[in-house]
Amino acid sequence: MSELDLRELNNTEFPIPADMQGNVAITSLSKLYNWSRRSSLWPMLFGLACCAIEMIATAAARYDFSRFGMEVMRASPRQSDLMIVSGTVTKKMVVPIVRLYNQMPEPKYVLAMGACASGGGPFKEGYNVVSGIDKYLPVDVYVPGCPPTPQALIYGMIALQKKIDGQSLANMDDVPWYGVGPAEPAPVPILGPDIIDPRQMDLIRRQAEMAAAGKTFAIRNLPEPIKVEKAAPKAAAAKAAVAATDDPAKAERLRKREEALARKRAAQGQNAPAAEPAGEAPTPAQAAPVAEAAPAEQGGKPKFDKEAMMAKIRAKKANKG
Amino acid sequence: MTDNAVVEQTDTNAAIAVLKEKFPDAIQDDTREGYQGIIVDKNKLVEVATAIRDELGFDYLSSATGVDYLGIGDHLEMVYHAYSTNGGPALVFKAQTPRDNAEIPSLIDVWPGADFQEREAWDLMGIRFSGHPNLKRILLWEGFNGHPLRKDWKEAYYEQDHKPFDSRWPGGHVYRAEERNVYGKNVAYPDDLDLSTLNDVSEESIYSGMGLGVSVQNLGNSEHLQTDRLIVNMGPHHPSTHGVFRMVVSLNGETIESLEPVMGYLHRNHEKIGERNTFLHNMPFTDRLDYISSMGNNHGYALAVEQLLSQGARWTPPTYRAEAIRVLMVELTRIVNHLWAIGFLLNDLGAFFTPALYAIAERERILDFFEATAGSRMMCNYMRFGGVFKDIPERIKSVANLVNDMVRDFNTMDYLTELINERLPRAVDELDQFLTDSEIIKTRTVGVGYLPPEMAIAYSAAGPLLRASGVPYDVRRADPYSIYPELDFDVAVRYNGDIYDRYLIRLDEIRESIRILKQILPRLERTHGENVFGPKQHTPRVPLGEAYGRVENPKGELGYYVVSAGDEKGPQNPWRYHVRAPSFINLTALGEMCKGHKVADVVAILGSIDIVLGETDR
Ligand code: SF4
C-alpha cells in the first residue's frame, strides 16, 4: 500500500495486455494523489533552536533528505506543506508560529521535532516556555530526542509519508480541505501579563472572578504528590556499615528489616492512584510521553542488585550466541 | 587602546589602592566570605567607573549582571567585571540598592557595551538604570508580569525552590506539571487580571525606541514622518537571521537610519532554571546555550565552578590528560563553529546553501568523534568539575551512514591524526581557494559593516568580532587557563574591521586551532592510560563565594558568574547562575555597524557577527 512501484502498477486487478505492460498503468486516484503529495513534501525553512541545527544537518550532504522528496525547503509559509517545529517554543515565539501556520495553505502538516517541541523538553519549567507546540497547533508526528539524530528526523518524515498514504480521497475526514471551505485559522495567542490562549478566555475569566471572591478554583482533582520517606539518613547507613563489620548477626537482622521496608514501600506505590488523564486541556494524547511512561510503582523499587543484573545480561548474551 | 593614556597597570590590588585614595568614602572592600573586589557607593558609581576605565586602564567591560540577595542581605546588587585589553585579571566592582524601587545609575555613557546587559537586568531583575536612554524589556515582552529572576518570583510550574524535588527523589514518582495547573499549560495570571482592559503592548513598545517620536497607531496620518521613511521588520521568521532573531530597521530609501535588534524569542530561562538546579545539573543545560559549540560551553562552566571548588578541602584538580582532552574538544569545537559560520555567512550573501554544504561536510567527521566519546553528536555534556567524564574511546565505530549501512571502525588516534593533519587543513584550503578571492564576495564585504577598534572595545565586542577590528585580545592568552600557556599558537588579528576581515579571521583561527591540535596529539599519546576524572562526586560540596569563569569560545568571551550561598550541608544549588553570552553582547554594536549601509547588507553584517540564538536569549 505504501509505495507506488512499477510492479504494483502492472499487476492490478484489471489485466493489462502483455504488449501494453509498461505503457499503461492502472491505479486509484487516491493512490496517485497521495503518491504525488508524499513525494514532494516541502518543509518550511524555519528553525527555532538547537534542533534546527540537526534539521540542517539532515538536509545537508550526508543525510540528505531530498532522497525522499523533501528537498525544497521554502522560507515562505505560502509555499510549504510541512512545518517542522524544530526547537523550543517560547511564549514570545508561539505568536508568530501560530500566524505562520495559519498562512500555510492546506493540506498542511506539523512535525514536532525534539523533546522541546513535543512537550517542553529540558526547559519545560521555564516561565517563558510553552510545554509543547501541541498546546496550540495540531501535531501529526512527534520525533523524540534532544536533539533527534538526523536518522530519527528522517524516520519521522517517513512516518508522515505513511500517514499521507493512508488518507483516502473518498473520505472527507481525511481530506477536509476539499470540503465546504477554508479551515478555521488557529487562534493567535495574546501576550498579556502571561500568554493568553483565546480558547481559554472563559476559563481565565471564571478563574479571575473566583480569585476576586477569594476562592480557589480547580477544574480537576490534582493528584497528590506521593509522600515518600526520605532515604535512611547517612548516619544510619554508616551505623549499618559499622554493624556489618562488627556483628554479622546484627547486620543480617538489619538487612532483613530493610527488605521488609522495601516491600512495604513497593506495595504502597502500587496502591497509589495513577496519574489522571489530561482532562479538559486541548492536549493530544501524545504530549509529554516521558511523564506518562513513568508509572507510580517505581516508588518502592527494591534496591538495585548489580550481581543479579550482571547475571541476567550474561544469560542474554549467552542466548544470543 | 583608548585615547586616554593607559596606565600599564593590571594589578588589581594596586588598582584598588589607587581607587581608594581617590574616592575614600565611596569604596569598600567586599569582605564577604569567598567574594572579591570592591563595593562602590551607587551615587559615585559613574565617577568610579570612569576612573577605572580611563586612569586604571580597565577599558573593557566584560560582564554586568544583577544578583538578588533576598534573605541574605535583602538587597539587589549589580556586579561588574572590567578587564584591560592588555591582559590580566578582572577588577570586580559592585553596586548595591534596596529591593524596593531598585535603582542604580547606568554605565552606558562609560561603556556603551553595558546597554543590553542593563536592559536585561531591568527585565529579569527589576533594577532601574537611571540615565539609560532606552530602558525597556529585552528578553520578555513589555507587559509581562514581574521580574522573574527575583528570588521571590515563582514560575507557573513552580514546585520547590531547589532540586532534587521531594516529590521525585528518592521516591521516583513523576507527574506532569500540566496536571497541577488549572489551565493545563505553563501559565499563571495575576489575581487582578482584568480581561476587559487587556492590551497587548508588546509590539508598540518595540517601535517606541526607534527615535520616531510617534507610536505605531498614528503612523498612518502622522506629520512627523517624512514620506520616504520606511520601517521594515526582519524576523523573527527569516531565512537569514540564524534563528529567531528580529530586527526592526528604519530606512531612508534603501539606506539604514537606525536598527533595533529585538530578541527573546528563544528565551528559555536558563538562569532561573539554573538556580533551581544543582551545580552539576547545569552542565547539560550549558550545552544548549551555544548549541554549535557545546564543548566550549561545558568548559567555561566547569572552570567557574572549579574556581569555587578549589577553595574547598576535598578538591583534586583535573589531571594533565583531562586538560589535554578538554583542549582537544574545545579546539575541534572551534573549527566546527567557524566552518559553520563561514558557510552560513555565504548563505547570507546569497550563495544559497552550496558553500554551506561544503563547509559543514567535515563537521560530520568531528561530530562522529564527539558521538563516540560523549554519546551525543551535539549535546555532549562531556566535562565535569575536575575532569571529563570519560576518556576518549580506543576505537570509533560509526553506523551513521544511511546509504550503505556499514559499520565503520577506526582506531581513534589514527582517526584524529588523519582528521587533524589532512582532512581539516584540506577543508580550510578548499574554502580559502574558492571564496577568498571571489570578486562577488569582495564587492559585498570589503568595507561593509566597519567597526573601529575603540568602538569594538567600548561596545564590549568579543571574539572574532573584536580581533577583526585590530584588538589582539584572546582570553586564552590574556587570562590563560587550562594548558594554553604551554601551547604554541598566535592570536589571530586583522585590522580592517569589516565583514571580509571577519571572514578571514575565522580562516586564520581554524588554522591556529589545527596548529594547537597538532600539539595536543602527542600529549594524548604520552598520557595514555592516565586518569581523566578524580573521585566521582554526584553532588560536589561547593564552598561559599562567587566566581567568574571565562573561556574564549568560538563566538567570543563566554563567562559564567556563579554565586554559591548555601552552606556545606544545605542544598547544593547556585544562588546565582549568570551567563555572559558573547552572541548577546556582540549584538550591542549591530546598530552602529549597520548605519548608513543598504538593507541587503544587514543580513551579511549579522552573519559576520556569528550569533546563535540559544546563547543570545538564553
Ligand atoms: S529538544 Fe533539545 S536539542 Fe531540541 S530544541 Fe529542545 S533542548 Fe534543543
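So here's what we get for this one:
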{"quantity": "Single condition A:Asp202 does not satisfy, out of (1) open to solvent by less than 30 Å² (accessible area, probe 1.4 Å); (2) more than 16 Å from the ligand (Cβ to nearest atom); (3) out of contact with any helix residue (DSSP H, G or I) (no Cβ under 9 Å at 6 or more places or on another chain)", "calculated": "(1)"}
{"quantity": "Restricting the range B:200-218 to residues that are more than 14 Å from chain A (Cβ to nearest Cβ) and open to solvent by 60 Å² or more (accessible area, probe 1.4 Å), the residue that is modelled with the highest pLDDT", "calculated": "B:Ser208"}
{"quantity": "Unmet requirement for B:Gly529, which otherwise passes all of (1) within 21 Å of B:Gly556 (Cβ to Cβ); (2) open to solvent by 60 Å² or more (accessible area, probe 1.4 Å); (3) in a loop (DSSP other than H, G, I, E, B)", "calculated": "(1)"}
{"quantity": "Residue that is farthest from the other protein chains (Cβ to nearest Cβ) [pool: residues in the range A:112-136 that are under 15 Å from A:Phe46 (Cβ atoms) and free of Cβ contacts under 8 Å to residues at least 60 places away in the same chain]", "calculated": "A:Ala112"}
{"quantity": "Unmet criterion (only one of (1) surrounded by fewer than 14 Cβ atoms within 10 Å (Cβ to Cβ); (2) modelled with pLDDT under 70) for B:Thr197", "calculated": "(2)"}
{"quantity": "Residue in the range B:273-290 that is nearest to the other protein chains (Cβ to nearest Cβ), counting only those that are open to solvent by less than 10 Å² (accessible area, probe 1.4 Å) and of a type outside the set (D, E, K, R)", "calculated": "B:Ile273"}
{"quantity": "Index of the failed condition, B:Thr373 passing every other in (1) outside any loop (DSSP other than H, G, I, E, B); (2) at pLDDT below 85", "calculated": "(2)"}
{"quantity": "Residue satisfying condition, being of a type outside the set (D, E, K, R) and more than 16 Å from the ligand (Cβ to nearest atom), within set A:Met83, A:Met44, A:Met55, A:Met93", "calculated": "A:Met44"}
{"quantity": "Output for the range A:12-62, where each listed residue is within 14 Å of chain B (Cβ to nearest Cβ), of a type outside the set (A, V, I, L, M, F, W, C) and in a helix (DSSP H, G or I)", "calculated": "A:Glu54, A:Thr58"}
{"quantity": "Residues within the range B:28-77 that are among the charged types (D, E, K, R), part of a helix (DSSP H, G or I) and out of contact with any Phe, Trp or Tyr (no Cβ under 8 Å at 6 or more places or on another chain), tallied", "calculated": "2"}
{"quantity": "Filter result (at the interface with chain B (Cβ under 10 Å from one of its Cβ atoms), open to solvent by 10 Å² or more (accessible area, probe 1.4 Å) and assigned to a loop (DSSP other than H, G, I, E, B)) within the range A:63-91", "calculated": "A:Asp64, A:Met73, A:Ala75, A:Ser76"}
{"quantity": "Yes/no for B:Glu430 being in contact with a helix residue (DSSP H, G or I) (Cβ under 9 Å, 6 or more places away or on another chain), open to solvent by 10 Å² or more (accessible area, probe 1.4 Å) and in contact (Cβ under 8 Å) with a residue 40 or more places away in the chain", "calculated": "yes"}
{"quantity": "Residue that is farthest from A:Lys31 (Cα to Cα) [pool: residues in the range A:144-185 that are of a type in the set (Val, Ile, Thr) and open to solvent by less than 60 Å² (accessible area, probe 1.4 Å)]", "calculated": "A:Thr149"}
{"quantity": "Residue match in the range B:298-313 (condition: farther than 19 Å from B:Glu546 by Cα, modelled with pLDDT of 85 or more and crowded, with 24+ Cβ neighbours inside 10 Å)", "calculated": "no"}
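This table checks each residue for (1) open to solvent by 30 Å² or more (accessible area, probe 1.4 Å); (2) within 11 Å of the ligand (Cβ to nearest atom); (3) assigned to a strand (DSSP E or B).
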site	(1), (2), (3)
A:Pro107	no, no, no
A:Cys116	no, yes, no
A:Pro122	yes, yes, no
A:Glu125	yes, no, no
A:Asp134	no, no, no
A:Pro138	yes, no, no
A:Tyr142	yes, no, yes
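The values are calculated or read from the model by the stated rules, or taken from the named source; none is laboratory data. Worth saying up front: this structure is predicted, and the values here are computed from it rather than measured. When we count neighbours, we look across all protein chains shown, and the Cβ atoms used for this are built from the backbone with ideal geometry, even at glycine. SASA here: full protein model, heavy atoms, side chains in, ligands and nucleic acids out. Shrake-Rupley method; radii C 1.70, N 1.55, O 1.52, S 1.80 Å.
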